[in-house]
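Since the structure comes first, as structure tokens, the remarks are kept for the end.
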Amino acid sequence: MSLPEKLEIIPLVKPPSTTVRVPGSKSITNRALVLAALQSWNQDCTLSGALHSEDTEVMVNGLRKLGFRVETDWPLVRVHRHGADAIVPADLADIFVANSGTAMRFLTGLCALGHGRYRLDGTSRMRERPVEDLLSALRGLGVKAYSEEANGCPPVVVESDGWLPGPGTVIRGDVSSQFLSALLMVAPFNSPGPLQIILAGTLVSVPYVKLTEQMLLHWGATWRILPDGYEFTFESIANFGCDRYAIESDASAASYFLAAAAITGGDVCVAGLNCKSLQGDVRFVELLQEMGCRWIPSAIGLNLEGRPLHGITVDMNDISDTVMTLAAVACFAEGPTTIRNVAHIRHKETDRLTALATELRRVGAEVDEYPDGLKITPRPLHGAEIETYNDHRMAMSMALIGLKVPGIVIKNPGCVAKTYPGFFADLEKLR
């Protein structure tokens, strides 16, 4: 779907009653691509249901730069055995990750298993996003990893000798859980023995680490968790790998359509997901229930019926990708909604707390901004042109307001291509 520079969202004439299917999970797709690449020194792997988006294209291109043989026939992706002796085939690579934080972090970890020199760079915004915690942890494992500008941000250079010498390192988890996930996925390939990863401080977005753990188990990695919580010891890479892996629908993408039901009083089912999903963001449906909606059990997916809404106070640290979605819903509730403990989303594609506060005020909401969250008090809303800050989640979340409020115009709607190129086409299916 070709999108204009500005896109006006036309309000729905009646509440939707429909079933939608969202694309595959970005979080699972990018993890699966890395894990499939790691096994490709020994065997092929086929991924089904993979998300085709800018972020996953960036990951595939990065893997190809590293010498991996990746064949795409989206949503089918095949990672073929590369035949090299090394885990990472290339000994030299210059990789551009655009503004994909996932690709930057996961590929940096993967490069630590290479035997050579690797440089990773991105957009101007990526050059502002911190990665020093991961680099410091890799240095603790004997890998030469550093910020080229010595400011803790990309460009990043990794010079490695083909293994993780160990025996262990410490990683902070209070900026992004992806730093820990990046280490966990490469840790089974340490040499010569067990490797410990100790978590310092509070971990944000815990469900994403649990997702990484579940996928590692599927690929055959083994470890034990010590009594202090986040210390991991990987013991064997025997039988690491799988022939095929099916990627489930994206729970973060599903949140927009569940929110649409909440905002409009409609009935929407998102097929291909259930409350037992690997993805923590399925908990978003529980927040909508808390606000007054009705969750309807369904054999085909998550089904939500919108009802009169009331504000809530919620800690969204573990499902922070849905903060912007809930903020849109909060504009239509009775009473204020307070979102807390999400300071880390200031380091995303944009400072999401300040951006949200700015754009919600632009359409008439009253917003108090805190260091770690927002308080949104509903007020009469009106149309406005919405700045998206080249942030896909800003575009998709603010578009939801336009389902009820005339005159909402999304600037740079094409930024949704980062994770959900077909979003606006799917939004039209609610009519």
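The values are calculated or read from the model by the stated rules, or taken from the named source; none is laboratory data. Keep in mind that what you see is a predicted model, and the values were worked out from it rather than measured. Cβ sites come from the backbone with ideal geometry, for glycine too, and all protein chains shown count toward neighbours.
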Could you please let me know if residue 400 is closer than 21 Å to residue 305 by Cα and under 19 Å from the mean Cα position of the chain (by Cα)?
-> no
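Conditions tested, residue by residue: (1) under 25 Å from residue 77 (Cα atoms); (2) under 21 Å from the mean Cα position of the chain (by Cα); (3) surrounded by fewer than 17 Cβ atoms within 10 Å (Cβ to Cβ).
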residue: 244; (1), (2), (3): yes, no, yes
residue: 256; (1), (2), (3): no, yes, no
residue: 259; (1), (2), (3): no, yes, no
residue: 265; (1), (2), (3): no, no, no
residue: 280; (1), (2), (3): yes, yes, no
residue: 284; (1), (2), (3): no, yes, no
residue: 321; (1), (2), (3): no, yes, no
residue: 338; (1), (2), (3): no, no, no
residue: 343; (1), (2), (3): no, yes, no
The residue from 284, 332 that alone is assigned to a helix (DSSP H, G or I) and assigned by TED's automatic domain parsing to the domain that holds residue 263 is 284
Failed item, numbered, when residue 322 is tested on (1) of a type in the set (Ser, Thr, Tyr); (2) in a strand (DSSP E or B); (3) touching a helix residue (DSSP H, G or I) at 6+ places or on another chain (Cβ under 6 Å) | (2)
Reported set for the range 191-206 where residues are surrounded by fewer than 23 Cβ atoms within 10 Å (Cβ to Cβ) and either assigned to a helix (DSSP H, G or I) or of a type outside the set (A, V, I, L, M, F, W, C) (or both) is 191, 192, 193, 194, 196, 201, 202, 206
Would you check if residue 290 is at pLDDT 95 or above, surrounded by fewer than 16 Cβ atoms within 10 Å (Cβ to Cβ), more than 24 Å from residue 55 (Cα to Cα) and not assigned by TED's automatic domain parsing to the domain that holds residue 124?
-> yes
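Matching residues to (1) in contact with a strand residue (DSSP E or B) (Cβ under 7 Å, 6 or more places away or on another chain); (2) in contact (Cβ under 8 Å) with a residue 60 or more places away in the chain; (3) of a type in the set (A, V, I, L, M, F, W, C); (4) closer than 21 Å to residue 427 by Cβ:
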site: 265; (1), (2), (3), (4): no, yes, no, yes
site: 269; (1), (2), (3), (4): yes, yes, yes, yes
site: 275; (1), (2), (3), (4): no, no, yes, no
site: 288; (1), (2), (3), (4): yes, no, yes, yes
site: 300; (1), (2), (3), (4): yes, yes, yes, yes
site: 321; (1), (2), (3), (4): no, yes, no, yes
site: 325; (1), (2), (3), (4): no, yes, no, yes
Mind checking whether some residue in the range 300-310 is closer than 30 Å to residue 368 by Cα, touching a Pro at 6+ places or on another chain (Cβ under 8 Å) and either in the same structural domain as residue 210 (by TED's automatic domain parsing) or modelled with pLDDT of 95 or more (or both)?
-> yes
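Quick check on the range 302-319: of everything there that is part of a strand (DSSP E or B) and either aliphatic (A, V, I, L, M) or at positive phi (or both), which residue is surrounded by the fewest Cβ atoms within 10 Å (Cβ to Cβ)?
Initially, the range 302-319 is screened for residues part of a strand (DSSP E or B), giving 302-305, 310, 313-315.
Adding the requirement that they be either aliphatic (A, V, I, L, M) or at positive phi (or both) leaves 302, 304, 314.
Working: 302: 26, 304: 26, 314: 21.
My answer is 314.
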Conditions (1) among the acidic types (Asp, Glu); (2) within 30 Å of residue 172 (Cα to Cα); (3) surrounded by fewer than 17 Cβ atoms within 10 Å (Cβ to Cβ) -> residue 71 fails only (2)
Taking the range 118-157 as the search range and keeping residues that are surrounded by 17 or more Cβ atoms within 10 Å (Cβ to Cβ), β-branched (Val, Ile, Thr) and closer than 26 Å to residue 345 by Cα, which one is farthest from the chain's Cα centre (by Cα)?
-> 157
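Output the residues belonging to the range 20-46 that are part of a strand (DSSP E or B) and either over 29 Å from residue 414 (Cβ atoms) or over 24 Å from the mean Cα position of the chain (by Cα) (or both). Explain how you work it out, then say what you get.
Step one: of the range 20-46, the residues part of a strand (DSSP E or B) are 20, 24, 45-46.
Selection gives 45, 46.
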Output yes when any residue across the range 363-371 is at pLDDT 95 or above, surrounded by 16 or more Cβ atoms within 10 Å (Cβ to Cβ) and under 15 Å from residue 176 (Cβ atoms), and no when none is.
-> no
In the range 88-101, what residues are closer than 18 Å to residue 70 by Cα and touching a helix residue (DSSP H, G or I) at 6+ places or on another chain (Cβ under 6 Å)?
-> 93, 95, 97
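Residues of the range 16-45 being of a type outside the set (S, T, N, Q) and either surrounded by fewer than 18 Cβ atoms within 10 Å (Cβ to Cβ) or within 18 Å of residue 282 (Cβ to Cβ) (or both), which ones?
At the first step, the residues of the range 16-45 found to be of a type outside the set (S, T, N, Q) are 16, 20-24, 26, 28, 31-38, 41, 44-45.
The answer is 20, 21, 22, 23, 24, 26, 28, 31, 44.
Could you list, in sequence order, all residues of the range 323-336 that are surrounded by 16 or more Cβ atoms within 10 Å (Cβ to Cβ), farther than 13 Å from residue 373 by Cβ and not aromatic (Phe, Trp, Tyr)? Steps first, please.
Here is the first cut: in the range 323-336, the ones surrounded by 16 or more Cβ atoms within 10 Å (Cβ to Cβ) are 323-333, 336.
Now narrow it down to the ones that are farther than 13 Å from residue 373 by Cβ: 325, 328-329, 331-333.
325, 328, 329, 331, 333, listed by residue number.
Looking at the structure I just gave you, is residue 268 at pLDDT 85 or above, β-branched (Val, Ile, Thr) and in the same structural domain as residue 53 (by TED's automatic domain parsing)?
Criteria not met by residue 268.
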